[in-house]
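Down below is the structure, laid out as structure tokens.
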Amino acid sequence: MTYIELINKVLIRLREDTVDDLSQPYTQLIGEFVNESKREVEDSWRWVQLRTTVQVPATAGNSRYTLTGSGDRSKIMYVINDTDDFEMKLANSKWMTLQFTTATTQQGAPIYYDLNGQTNGDSNVDVFPIPDASYNLNFNMVIPQSELTAISEELTVPDYPVLLGAYAKAIAERGEDSGLSYRDALVNAEKALSDAIAMDAINTPSELIWEVV
């Protein structure tokens, strides 16, 4: 569903006229509610639609890399050293710092990783041991979609919970006027989100199984 379609569906529920652009202040407000609801839905689950792999070409002697395009709301699911075919481990930040401050810092195939700050809004990661050659590291991540701005932009996550969430916010802003109450609208939005998460989880059943490591 596009940005303008989401806005118009909210306007219809508010018994307002639909629009073709974002020129009117009230339309812009509804657009803000759509983006707020979108963010809440994105942050509530590891949606399959938001999963991607950020490939990092590690080079000899360099321990820090930027996950370009990750943004400040991304989540790392797992990391694969694709060159040597094994899963890397998330390390404790204090332990990683100690490794880099020793007199003889170990070099070899990267086994551990740790988040360490940002560069231009994208996450930085440190890897250890420091690469002794070239390695391909695959960071499998959940990266939320950028805020919707153009009317033709397509929403990535399920649209129904975003729509109902935006509608609930609009009711809260304007007050109840003999239509659906804010409380009922919020309950509907929460149920839609819960149902969407349950449907998405069917695609990755193994992630719901806890294993003793």
Completion exercise
Mean shadow area (nm²) of the C-alpha convex hull around region 123-194 is 8.6 nm²
Problem - Relative contact order (%) - criterion: Cα under 8 Å, at least six apart; region: region 24-139 - result: 36 percent
Handout entry: Net charge dipole size for region 1-119 [Lys, Arg +1 and Asp, Glu -1 on Cβ; Debye, nearest 20]
Key = 400 debye
Exercise for the section: Please provide three numbers in whole Å: the alpha-carbon extents of the chain along the principal axes, with the largest listed first. Expected result: 72, 39, 27
Practice task
Determine the dipole magnitude for the chain: charges of +1 sit on the beta-carbon of Lys and Arg, -1 on that of Asp and Glu, nothing else is charged, the reference point is the Cα centre, and the result goes in debye to the nearest 20.
Solution key: 460 debye
Fill in the blank from the handout: Restricting to lysines and to Cα separations under 21 Å from Lys75, and discarding same-chain partners fewer than 8 apart, the set is Lys38, Lys89, Lys94
Exercise for the section: Would you compute, for the Cα atoms of region 54-127, the largest minus smallest coordinate along each principal axis and list the three values in descending order, in whole Å? Expected result: 34, 26, 20
Handout entry: For region 202-207, 3J(HN,Hα) per residue [Karplus equation, 6.51 cos²θ - 1.76 cosθ + 1.60, θ = phi - 60°, Hz, x = Gly/Pro]
Key = 4, 6, 9, x, 5, 6
Handout entry: DSSP bridge pairs, region 1-149: antiparallel proportion in percent, nearest 5
Key = 85 percent
Fill in the blank from the handout: The relative contact order of the chain, taking Cα pairs under 8 Å that sit 6 or more residues apart, comes to a percentage of 29 percent
Exercise for the section: Could you run the Karplus curve 6.51 cos²θ - 1.76 cosθ + 1.60 with θ = phi - 60° over region 59-69 and give me ³J(HN,Hα) per residue in whole Hz, x for Gly and Pro? Expected result: 10, 4, x, 10, 9, 10, 9, 9, 7, 4, x
Practice task
Return one whole number: the accessible area per residue of the chain in Å², for a 1.4 Å probe.
Solution key: 56 Å²
Handout entry: Carbon + sulfur, % of accessible area of the chain - ligands and nucleic acids excluded, 1.4 Å
Key = 50 percent
Practice task
Would you work out which of Thr104, Thr119, Val56 lies farthest towards the positive end of the dipole of region 35-133, given +1 charges on the beta-carbon of Lys and Arg and -1 on that of Asp and Glu, about the Cα centre?
Solution key: Thr119
Practice task
May I have the convex hull volume per residue, in Å³, for the Cα set of region 1-100?
Solution key: 172 Å³
Exercise for the section: With only Lys, Arg, Asp and Glu charged, each at its Cβ (+1 for the first two, -1 for the last two), find how big the charge dipole of region 53-114 is about the Cα centre; round to the nearest 20 debye. Expected result: 280 debye
Practice task
Per DSSP H run of n ≥ 4, the term is -39500 (n - 2.57); total these for the chain, divide by its residue number, and report the mean residue ellipticity at 222 nm rounded to 500 deg cm²/dmol.
Solution key: -11500 deg cm²/dmol
Handout entry: Among Tyr160, Tyr78, Thr149 the positive-end extreme of the charge dipole of the chain (Cβ point charges)
Key = Tyr78
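The values are calculated or read from the model by the stated rules, or taken from the named source; none is laboratory data. The structure presented is a predicted model; accordingly, all values stated were derived computationally and were not measured. Methodologically, a virtual Cβ is constructed for each residue, glycine included, from the backbone with ideal geometry; neighbour enumeration extends over all protein chains shown. Heavy atoms of the whole protein, side chains included, go into the accessibility calculation; ligands, DNA and RNA do not. Shrake-Rupley method; radii C 1.70, N 1.55, O 1.52, S 1.80 Å.
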